[in-house]
Amino acid sequence: MAKPTATVQVQSVHHYTDRLFKFRVTRPRTFRFKGGQFTMIGLQVDGSPLMRAYSMASPSWDESLEFFSIKVPDGPLTSRLQHIKVGDDILLSEKPVGSLVISSLNRGKRLFMFSTGTGIAPFASIMRDPLTYERFDEVYLTHTCRLVDELQYGVELTTELKEDPLCGEFASQFTHYASVTREDYHRQGRITTLIESGKLFTDLGIPPLDPEHDRAMICGSMEMNKDIKALLEERGFKEGAASRPAEYVLERAFVG
Ligand code: A2P
């Protein structure tokens, strides 16, 4: 049976660049989700709902819901959504779904979360969930963007983790690894290149990927997902599902 679409209110909006912004909305008491899942959100446009898939970026214990969004100038939803103000109404489908959940992974020692662009959103939720640190000793979030300013959300999340009421004590288990591809920065290159060259591991002073102890989650563009999937499978990782947990899971980052 289809669950209802709720109307929630915007509590805050923060613009990072002319391509990226985050916002918070009220959370219906009945809305439950697992870190890494997504739902449909949107606006009433000419009397009809216009909805798109968005990952919840806030942790599952949080009182409100956070989303991290791209702004596409001619995108049907984001061209409008980017103008929301505090107090505005947003539509939210109360049916969270998705395969990017820790429960689809076997237990392991290290968790690698590979993201590009707005693909960081589901990991913003997972990295703020105490369960993540109970399941894994070491948690690595890689984030690659075209430009330095686009890394800012991830940089803030990392800084704020230390002050987080529930996860602050686990902050030493977490490592943020950022790179850019189209601008000067101290760390450059696609994550696929950084894995293949081994630079990711030498930079962090850790052993390379090993399916026996490592688990991975992937969220980026279709191409990025495909390339990391191939790279993991070459190293012996298998894709997990709710019914059959394994070594990695993936979800595409949603745009438009
Ligand atoms: P690049 O600048 O070399 O294309 P996008 O905004 O297009 O989704 O890209 C976000 C980031 O993901 C960019 O840094 C981009 O690098 C990188 N990227 C795009 N495609 C891939 C891929 N197939 N594998 C790894 N990284 C990718």
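I need the full set of residues from the range 174-204 which are aliphatic (A, V, I, L, M), more than 9 Å from the ligand (Cβ to nearest atom) and touching a strand residue (DSSP E or B) at 6+ places or on another chain (Cβ under 6 Å), in order please.
Scanning the range 174-204 gives a single hit, Ala178.
Determine which single condition Glu234 fails, assuming it passes every other condition in (1) more than 26 Å from Arg52 (Cβ to Cβ); (2) acidic (Asp, Glu); (3) away from the ligand (no atom under 16 Å from the Cβ).
The number of the failed condition is (3).
I'm checking my understanding of the structure. Among residues of the range 237-256 that are in contact (Cβ under 8 Å) with a residue 40 or more places away in the chain, more than 16 Å from the ligand (Cβ to nearest atom) and buried (at least 17 other Cβ atoms within 10 Å of the Cβ), which one is farthest from Gln37 (Cα to Cα)?
Glu247
Does Pro207 meet the test of being free of Cβ contacts under 8 Å to residues at least 24 places away in the same chain and either within 16 Å of the ligand (Cβ to nearest atom) or not aromatic (Phe, Trp, Tyr) (or both)?
In short, yes.
Need a quick list: helices (runs of 4 or more DSSP H) entirely within the range 170-237 having at least 1 residues that are polar (S, T, N, Q), at pLDDT 95 or above and more than 17 Å from the chain's Cα centre (by Cα).
191-196, 199-204
Check off (1) farther than 13 Å from Val8 by Cβ; (2) touching a helix residue (DSSP H, G or I) at 6+ places or on another chain (Cβ under 8 Å) for Tyr54 and give me the number that stays unchecked.
(1)
Is it true that Asp149 is more than 13 Å from the ligand (Cβ to nearest atom) and surrounded by 14 or more Cβ atoms within 10 Å (Cβ to Cβ)?
no
Under 6 Å by Cβ, and 6 or more places apart or on different chains, what pairs join a residue from the range 12-29 that is of a type in the set (Gly, Ala, Ser) with one that is at pLDDT 95 or above and assigned to a strand (DSSP E or B)?
Filtered contacts from the range 12-29: Ser12/Arg24.
Within the range 155-164, is there a residue that is within 21 Å of Thr116 (Cβ to Cβ), more than 13 Å from the chain's Cα centre (by Cα) and surrounded by 21 or more Cβ atoms within 10 Å (Cβ to Cβ)?
no
All but one of (1) within 24 Å of Gln37 (Cβ to Cβ); (2) open to solvent by 50 Å² or more (accessible area, probe 1.4 Å) hold for Thr181, so report the exception by its number.
(1)
Can you find, within the range 1-49, the residue that is most open to solvent (accessible area, probe 1.4 Å) among those that are charged (D, E, K, R), under 24 Å from Glu251 (Cα atoms) and modelled with pLDDT of 95 or more?
It comes out as Arg32.
Can you tell me which of Ser103, Ser93, Ser125, Ser99 is at pLDDT below 95 and under 18 Å from Glu251 (Cβ atoms)?
Ser99 is the lone residue from the list that is at pLDDT below 95 and under 18 Å from Glu251 (Cβ atoms).
Determine the pairs where a residue that is touching a residue at least 24 places away in the same chain (Cβ under 8 Å) and within 23 Å of Tyr177 (Cα to Cα), located within the range 87-111, has a partner that is open to solvent by less than 50 Å² (accessible area, probe 1.4 Å) and among the basic types (Lys, Arg) with Cβ atoms under 7 Å apart, the partner being 6 or more residues away or on another chain.
Every condition considered, the pairs that remain are Ile102/Arg135; Leu105/Arg215; Arg107/Arg135; Gly108/Arg215; Leu111/Arg215.
The values are calculated or read from the model by the stated rules, or taken from the named source; none is laboratory data. Keep in mind it's a predicted model, so treat the numbers as computed, not measured. Virtual Cβ from ideal backbone geometry, glycine too; neighbours counted across all protein chains shown. Surface areas here come from the heavy atoms of the whole protein model, side chains and all, with no ligands, DNA or RNA. Shrake-Rupley method; radii C 1.70, N 1.55, O 1.52, S 1.80 Å.
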